[in-house]
Structure formats: structure tokens, C-alpha cells
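Trainee: Below you'll find the structure I mean.
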Amino acid sequence: MILAQGAEAILQKQGNAVVKDRVAKSYRLPEIDQSLRRSRTRREARILAKLQELDFPVPKLQSIDEDNMRITMDFVDGPQVKDILHKDPASLGREIGRKVGILHANDIVHGDLTTSNMIQNNEIHFIDFGLSFVSAKVEDKAVDLHLLNRALEAKHHDIYEQCASAVLAGYKEGNPDAEAVLTRLQKVQARGRNKKK
């Protein structure tokens, strides 16, 4: 059963597992395509394994098949946060922010922070680390937060203000170096506003 089909990968549910296959791109040279897909698969598996060690709520990695660019992980059942955020934007927003703060405190940048990539199952689980990477740079973390902020504004416009402020409050709880990231976030947002003019 296909759960999702994106630009990068196809996700299929097999029993209690999810199999993620990185699809070949015909517009890339085969050698480059294979190398890219293999390195991204390896990186995603490494990050999932690290987060499991930290007891961070992500799908548990079952196996990695580098030759076929495939990751198998546990299926996390529950609604996407995008469908339930309106029920309690303050506490869910705070939980999201705190967990992003924990990621950043461990130098993990998600790269695609949207409420579609979060599932409520006793607590919020983060999924789809396909664009994630390891970085200690304040700029990378600020951009990650900026993209989350824009996603909230676009998809949850009616509760955006309440949710966004809750996310920032939670972020300060999760990341001891939050102030440096939030200061940089203001600069990133200012750059975005200037581009629109």
C-alpha cells in the first residue's frame, strides 16, 4: 500500500513497517544519481539511528539497503499534526518548538519542517528526514525555523500568531543556545521580506 509518492521517494506500508525507496532521476547522469541517492539514504538512516539513541520520537529504523537506496522503519500510526493543530495550537505549538529545539541542540537540521511531517501518537513524532543533515551552524538552524514559520503561516493562517509564538517559547525550552538562533532568525526573516519588495 503506497502511503506517499514525492519527488524524492515512494513510501509503502508493509505490515507494521514503512519502506522508503529513493527513486531514480532520469535527468541526472546515472552515476551521479546513484551516488546522490545512496549518500542521502545513508545520511537519513544515520540521523534516524542517532535520534533513536537520544530517545527522540521518530520512526524506529529497522534496516537500510544501500544498494537499492531503501530504508525500512516502523510505521507510526496517528493523525498528521496538520489535521489536529487547530484543536490546541498553544500546547501543540509549544511541543513542536521544544522538539525542534532538541534537534538543533544536537546539531540536526530537519530541512522540511511542516506539520505534514509530524504525527501525533501519544506525543508528536517527526518523520521524513530525507532532507536532514548535521550542522552546528546557527544560520542553518535559523533557516530551518524560518521554513517552519512559513509553513505554519501558509497552512494554518487562522491560528498562525498563537501557534508561532508557542513554537518559539517551546524552542527556548529545547535548545540551550536558542537566543543565538532566534537572533539569526530575525535576520533571515528580514532577508525574506526584502526579497518580496
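Trainee: Using a simple spin-label model with points 7 Å from Cα along the Cα→Cβ vector, what separation in nm is obtained for N68 and R38?
Mentor: With each label placed 7 Å out from Cα toward Cβ, I get 1.7 nm.
Trainee: Below 8 Å, C-alpha to C-alpha, sequence gap of six or more: please give me the relative contact order for the chain in percent. Could you put the intermediate results ahead of the total?
Mentor: On the way: 315 pairs, mean separation 39.6, N = 197.
Computed over the chain, the figure is 20 percent.
Trainee: Any chance you could list P(r) for the range 81-196, counting all Cα-Cα pairs in 5 angstrom bins from zero, rounded to whole %?
Mentor: Histogramming the range 81-196 at 5 Å steps yields 2, 13, 23, 27, 20, 11, 3, 0, 0 percent.
Trainee: Can you give me the three principal axis dimensions of the range 1-136 from its C-alpha atoms, in Å, biggest first?
Mentor: In descending order, the Cα extents are 47, 37, 27 Å.
Trainee: Right, here's the next one. K60: which aspartates and glutamates have alpha carbons under 16 Å from its alpha carbon, excluding same-chain residues fewer than 8 sequence positions away?
Mentor: E44, D74, D77, E123, D128
Trainee: Now a separate question. Could you tell me what % of all Cα pairs in the range 2-74 have separations over 21 Å?
Mentor: Values: 695 of 2628 pairs.
So the pairs more than 21 Å apart make up 26 percent of the total in the range 2-74.
Trainee: Give the angle, between 0 and 90 degrees and rounded to the nearest 10, that separates the Cα long axis of helix 30-53 from the longest principal axis of the Cα atoms of the chain.
Mentor: The answer is roughly 60 degrees.
Trainee: Tell me, what is the percent relative contact order of the range 2-74, built from C-alpha pairs under 8 Å that lie six or more residues apart? The partial results should precede the final answer.
Mentor: On the way: 100 pairs, mean separation 20.7, N = 73.
Computed value for the range 2-74: 28 percent relative contact order.
Trainee: Test of understanding: what is the full-extension gain from I10 to F75, defined as 0.36 nm times their sequence separation minus their Cα-Cα distance?
Mentor: Values: separation 65, 0.36 × 65 = 23.40 nm, distance 1.43 nm.
Gain on extension, I10 to F75, equals 22.0 nm.
Trainee: Give the span of the range 54-97's Cα atoms along each principal axis, as three whole-Å numbers ordered largest to smallest.
Mentor: 43, 23, 14
Only the coordinates and a few stated rules stand behind these numbers; no lab work does. This structure is a prediction, so every number in the text was calculated from the model and none was measured. Because the Cβ atoms are built from the backbone with ideal geometry, glycine has one as well, and the counts that use them run over all protein chains shown.
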